[in-house]
1. With ASP504, ASP512, ASP571, ASP525 as the choices, which residue is in contact (Cβ under 8 Å) with a residue 60 or more places away in the chain, part of a helix (DSSP H, G or I) and not hydroxyl-bearing (Ser, Thr, Tyr)?
2. Criterion first (closer than 19 Å to LYS273 by Cβ, more than 21 Å from the chain's Cα centre (by Cα) and open to solvent by 20 Å² or more (accessible area, probe 1.4 Å)) does ALA222 satisfy it?
3. Just the residues that are modelled with pLDDT under 95 and open to solvent by 70 Å² or more (accessible area, probe 1.4 Å), please, taken from the range 270-286.
4. Scan the range 248-269 for residues that are modelled with pLDDT under 95 and in contact with a Ser or Thr (Cβ under 8 Å, 6 or more places away or on another chain) and jot them down.
5. Given the options GLY456, GLY425, name the one that is over 19 Å from GLY548 (Cβ atoms) and surrounded by 24 or more Cβ atoms within 10 Å (Cβ to Cβ).
6. Here is a list: ILE330, ILE361. Which entry is part of a loop (DSSP other than H, G, I, E, B), touching a Gly at 6+ places or on another chain (Cβ under 7 Å) and of a type outside the set (Lys, Arg)?
7. Filter the range 225-245 down to the residues that are hydrophobic (A, V, I, L, M, F, W, C) and over 34 Å from the mean Cα position of the chain (by Cα), then identify the one that is least open to solvent (accessible area, probe 1.4 Å).
8. Looking at ILE294, ILE289, ILE328, ILE320, which one is closer than 18 Å to GLY394 by Cβ, open to solvent by 40 Å² or more (accessible area, probe 1.4 Å), free of Cβ contacts under 8 Å to residues at least 60 places away in the same chain and among the β-branched types (Val, Ile, Thr)?
Amino acid sequence: MPDTENKLTAQQEADAIDLLKYALCCNGYSINLSNSIWDTLLVDTIKTFQSDMLLPVTGDADLNTWMALLLSKGNPDRSSTACDTRFEMTTDRLLQLKNNGYQIVGRYLTGTDFKVLRATEPQRILNNGIHFFPIFQESGTDITYFTKERGEADAKKAVRAARNFNIPEGTVIFFATDLDPQNTEISAYILPYFKSLYENMDTAYLVGVYGTRNVCTKVNDAGYAVTSFVSDMSTGYSGNMGFKMPENWTYDQFSEIPMSPDWAIDKDAYSGKFPPVTALNIDIYQKPIKPTTIGKETIVSLLEKIRDLELLYEAYYDMIQEASGGFIPIDAVTAALGITNFLRSEKYGGTQWAITTLRPINNLFIQYVKDNNLDLYNYFLPYINSNSNDLSDGLDGLLDFAHLAATTEGYISTPLVPDFWTGWGADLATAMAAATTAQTDNPNESIQDIADSLIGDENSPFNYSDICSDADAIKIASLVRSPNVTTHSFSNALETYYISHVQDRYLHLVKDIDTAENLTALKKDIYRRMTSVLERDPFVGLLHLKGGDPSGEVIRACCNSFAQYIYSELD
């Protein structure tokens, strides 16, 4: 025991040693309780505790050590270099933090306008010599908030906010549990929530947990978080009483203090286990501006004319059946393919398109339409020829009707090649060919910038209406396979889609790519789909035939750009 001004009696010293040992034991440290001796083992255990708690490692039972043993928050007056706050970090507040020795501040990614990070705040914090760490909290004190479904939603929302603030990949996002759950509640609610967070999190970012020592330890031991932000300031929480500090803690919240009458902070010890944000991502994606839908005809306004076309196809089909000497009733898929074939005939009827669809244009039906309803044929021409007018989807999307028909046909007819090559795969490959040409013409420009400027641009071979048409065709094709009226299977599918499903356009793309709704997965899986052995075959591979043998960096850049485009629209 250290010397004190007032010497303890032998019994008092023994009692103090016993209390010290019991306190260490209650905090999760192994110690010999059979004697009341101040020995090397006790000193070493005290040093371990002090090191774990980021206290001066002296081996003495000093004030900081006693307070840390008896209260989860320890000595609230001890110094710290980190803090967190719900208040906006203005330049004046940052100067105040810096003058008081703080180097790191925790701020909220989402929430009310009062507590959430402002758009320019992250860079302002860094410009003033302070680093920061992101916190995600939309829960209150209701344990039922923490569900598997909420975990999935929060993972996506947190990462989207982090990317919007240009927070670099590799950063830990601390998800808050600001309550005192018991073990049964941790098992029933907290762990399933964090399991869902972990499984749905963009792997470019890391999951951290904020909560009591008990919560943090259990979440980390389950493997659902990489580090902890411990709410030790809540000394009355049972989850902090008698529980050892989590071994991998990065921040330890231990005291709330006012900085002035209008704002306050929570003091945090910082272990250095995981770094805060020290710089923002400078590689910012710039999506091309969408063309306007103002003045465009909506696709649903064509439905009656499409139904007239479907009636003509039914009559044509019956005529062909009669001429062949047999009769097979028309089915939904056959009816739809007859219409899509007609609608793509002017623009997508050449040999290059046959590479992916393997279905010749039905010129007999085209002539039948001309002979029986020339006005109807002429009505569709402006929407399906090589200079076709884009249609509005009724929201902010644009559609190339011939492109939509061609891609829908590809997804319905299950061609010999993967169906995505009748849609987004072929378009992405043509964008790669354009990127290769642009790179040759502009050797000093970043290939990623070139790709970003192509995907979705109205003058690109993979423009906005192409993206919309490719995405919509995926779901429309699936609707065709289960129509209510077989003769009008295509028009019924269009009507159902543009009334009930178009708002999920980009989710249909995500499902078709067979990936998750996060940027890292989108990049990886688009690249995987585009570069399989079949796709890259130098003789028959579609990446070769459609993309003109793009280089590896061109492929990667265009896949990344397409992923960025989809991700930016998923909200």
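The values are calculated or read from the model by the stated rules, or taken from the named source; none is laboratory data. Treat the numbers as computed from the prediction; the structure is a model and nothing was measured. Neighbour counts are summed over all protein chains in view; Cβ atoms, including those assigned to glycine, are modelled from backbone coordinates with ideal geometry. Side chains are part of the model used for accessible areas, which takes the heavy atoms of the whole protein and leaves out ligands, DNA and RNA. Shrake-Rupley method; radii C 1.70, N 1.55, O 1.52, S 1.80 Å.
1. Sole residue among the options that is in contact (Cβ under 8 Å) with a residue 60 or more places away in the chain, part of a helix (DSSP H, G or I) and not hydroxyl-bearing (Ser, Thr, Tyr): ASP512.
2. yes
3. ILE282, ASP283, ILE284, GLN286, listed by residue number.
4. Selection gives ASN248 alone.
5. Of GLY456, GLY425, the one residue that is over 19 Å from GLY548 (Cβ atoms) and surrounded by 24 or more Cβ atoms within 10 Å (Cβ to Cβ) is GLY456.
6. Answer to the selection: ILE361.
7. Step by step, filter the range 225-245, then rank; the result is PHE243.
8. Just one listed residue meets the conditions, ILE294.
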